[in-house]
Amino acid sequence: MLEEKSIDRNQIVGFVLIAAILFGMSFWASETQPAETKTQETTTDLAKDDAAQEAPAAPVSDAVPMLVEASDSAALAPENIVLENEVVKYTFTTAGAQLLEVQLKDFKRYNGEDLYLVQGRQSMTGAHQGIFVAVIAEGNDGSQSLTMTSGTTAWTYILGASNAYGLNWSLDMDGAANVTLDWKQDGIRQEKSLENEAQNTSTYFWDATDQSDDYLSDGRDDEESVTNIAWVAHKQQYFSSIFTSETPFSQAHLLTQTPAITDTGFTRLFRSSLTLAGSNGGVHAKGLWYHGPNQYNLLKDYDQHFDEIIPFGWGIFGWISKGAVIPMFNLFDGFGWNYGLIIFLMALIIKLALSPLTFSSYKSMAKMRVLKPELDEINERHKDSDAAKKQQEVMSLYQKVGVNPLGGCIPQLLQFPILIAMFRFFPASIELRQQSFLWATDLSSYDSVFEFGQWFTIPFYGDHVSLFTILMAISTYIYTKFNNSMTPQSGNSMMQQQMVIIQYLMPVMLLVWFNNYASGLSFYYFVSNILIFGQQWMIRRFFIDEESIHAKLMANKANGGKTSKLQQRMNDMMEAQKEGGNRRMRRQEK
């Protein structure tokens, strides 16, 4: 007899209990979960690209801490509020008066996605407890203001109309002796080269006492405690978040950290603790919270030294960039021309401006070149004697014919500051960002004609081939070889051989070094080398007569020559060395 299958009473009771528990949990969660949880979880998902998806997601409590008191949560539910104009969009939540998102509308990330400076992994605590009551108003000039109040604390943010970046903020906390604002922000990756962006990302600040800027180390972990500072900038390669106070922060502790190696969607972890001193029975402060591009003229217009965060270089290098290079660049940029053409024109104008120095250098090399037979004769005559005696005769020849052996080097050294200024200008100029030219899709980053990163990576070189860098290295090699062929070598000393080796190794070093640099910089150096070839050809073809130069030098030699101040000092040094050697020999003979 077959026994009929059935569900016993214990199973029925178990199913009913499980269903009741699940129903009860669902009902409780719907009553206690804030209405904006889904939106918040979406905003914390920053790693949209494939690389960033591998990074561990930050917990919600770390991204935007919801410091909600029980009494407040029963009365109010948090809500999101948006302030936006033509260029920037801010999203706030009344839960803790936190800033959830900052989108820059005129810019895109390297992969074409919308660009956010803030998207979840930011918080500012210290004066943000509870659910705030929000009031929004619009000014007659089109500005928007948001005031959020909780107890004795009130935050007000005002966004200007049209194309204004940054929020004017004010804080009022009655009864507080001081308040420390703990500002945490994780810098979101925006550029194609994560390594370059991370190396150019750090915390900057302005010392209100010394009236000077300072910053933590670029590209590595660092921290510092300072006093009396006017603003702190979480500065990335091309974008920054800057928090200012009209009354300087009395104390600040600044920290930058490197994200986990798997956290490829972020460049640096910024941690800044800023203390505002109280007065008149509370803390009453105001300032500017800037989120926007590191564009020189834009930052300079704020008149708060924000432009100092752009690394154009110190001293004379920065002066050249700000006083000459930027105005010239802006002039051409105003015509709306392609940036490749602008870089070419800048190189052409700079080379034309330096033409007198180039001519002087080339003429000095021509003088040395026509003296090669006389120098070879001296080398042959003293090949078995000591080097000092040979060098003395060489200097005597230079003195008689009126040639400065350093005449070709000095003009080159005078051009060196311009070379360095351009080296700093191109990687720091946001105008070149995502601007294409020929095969380069982004002149602010490396160009690539071949990617091999899916198979392997070459140490120190990278995972791609930059064609502009190759052209620059080849032109540098040809230029070096051409110069060496025109400059006679007096002798075959070990030092000269080492200098030749270094000169020929330089193009190889540039090939490795510049492979990950801005393609606009490599293109500029390539064009500069080509223009130098053209200059030297024209000078040699139309302005230099080597036979006439040789005849003039021999005439100087016949007339006894003329000693320059530099030559006289070198002769005095040689004489002093010779006399010192003679004294040692006399002491040894005794």
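Roughly what would the spin-label model give for Asn178 and Gln257, points 7 Å off Cα along C-beta, in nm?
With each label placed 7 Å out from Cα toward Cβ, I get 2.4 nm.
When only Cα pairs under 8 Å and 6 or more residues apart are kept, what is the percent relative contact order across the stretch 215-347?
With pairs under 8 Å counted, the relative contact order is 19 percent.
Beta carbons within 10 angstrom, averaged per residue: use that to sort the peptides 95-104, 143-152, highest first.
Going by the mean number of other Cβ atoms within 10 Å, highest first, we get 95-104, 143-152.
Tally Lys/Arg at +1 and Asp/Glu at -1 over every other residue whose Cβ is under 15 Å from the Cβ of Leu159; what's the total?
Every neighbour counted, the sum reads -2.
At 37 °C and 0.692 mPa s, what whole-number value in µm²/s does Stokes-Einstein give for the translational diffusion of the stretch 162-245, with Rh from the Kirkwood sum over Cα pairs?
Estimated diffusion coefficient is 220 µm²/s.
Full-extension gain between Thr209 and Gln454, please, as 0.36 nm times their residue separation minus the C-alpha to C-alpha distance.
Between Thr209 and Gln454, full extension yields 83.0 nm more.
Show me, for the stretch 169-184, the HN-Hα J-couplings you get by feeding each phi into the Karplus relation (A = 6.51, B = -1.76, C = 1.60, θ = phi - 60°), rounded to Hz, glycine and proline as x.
3J(HN,Hα) across the stretch 169-184, in whole Hz: 10, 8, 10, 10, 10, 6, x, 9, 6, 6, 8, 10, 8, 8, 9, 10.
Relative contact order for the stretch 41-311: what is it in percent, counting Cα pairs under 8 Å that are at least 6 residues apart? Intermediate values should be presented prior to the final figure.
On the way: 688 pairs, mean separation 47.3, N = 271.
Answer for the stretch 41-311 is 17 percent.
Can you tally the net charge around Gln144? Count Lys and Arg as +1, Asp and Glu as -1, for every other residue whose Cβ sits under 12 Å from the Cβ of Gln144.
Overall, the nearby charge balance is -2.
May I ask you to order 132-140, 461-469 by the average number of other C-beta atoms within 10 Å around their residues, highest value first?
By packing density, highest mean first, the sequence is 461-469, 132-140.
Sort 523-529, 333-339, 367-373 by the packing proxy (mean of other Cβ within 10 Å over each peptide's residues), most packed first.
523-529, 367-373, 333-339
Once you list every other residue whose beta carbon is under 12 Å from the beta carbon of Asp222, what net charge do they have if Lys and Arg are +1 and Asp and Glu are -1?
Net charge around Asp222: -2.
Residue by residue, what Karplus-based ³J(HN,Hα) values in Hz, rounded to whole numbers, does the stretch 229-240 have, using 6.51, -1.76 and 1.60 with θ = phi - 60° and x for Gly and Pro?
10, 8, 7, 10, 10, 8, 9, 9, 4, 10, 9, 9
Which entries of Lys89/Lys286; Lys235/Lys351; Lys105/Lys235; Lys192/Lys286; Lys108/Lys286; Lys192/Lys481 have Cα-Cα distances beyond 28 Å here?
Lys235/Lys351; Lys192/Lys286; Lys108/Lys286; Lys192/Lys481
According to a simple spin-label model (label point 7 Å from Cα along Cα-to-Cβ), what is the distance in nm between Asn163 and Thr441?
So the two model labels end up 2.7 nm from each other.
Subtracting the Cα-Cα distance from 0.36 nm times the residue separation, let me have the gained length for Ala137 to Glu380 in nm, one decimal.
78.4 nm
Give the average over all directions of the projected area of the C-alpha convex hull of the stretch 349-391, one decimal, in nm².
Mean shadow area of the hull around the Cα atoms is 3.9 nm².
What does the extension gain come out to for Asp545 and Ser396, with contour length at 0.36 nm per residue minus their alpha carbon separation?
This chain segment gains 51.2 nm when fully extended.
With viscosity set to 1.002 mPa s at 20 °C, what whole-number translational diffusion coefficient in µm²/s follows for the stretch 41-311 from Stokes-Einstein and a Kirkwood radius over Cα pairs?
113
Here, each number is a calculation from the coordinates, and none is a lab measurement. Everything numeric here is computed off the predicted structure, so don't read it as measured data. Heads up, the Cβs are rebuilt from the backbone with ideal geometry, glycines too, and the neighbour counts pull from every protein chain shown.
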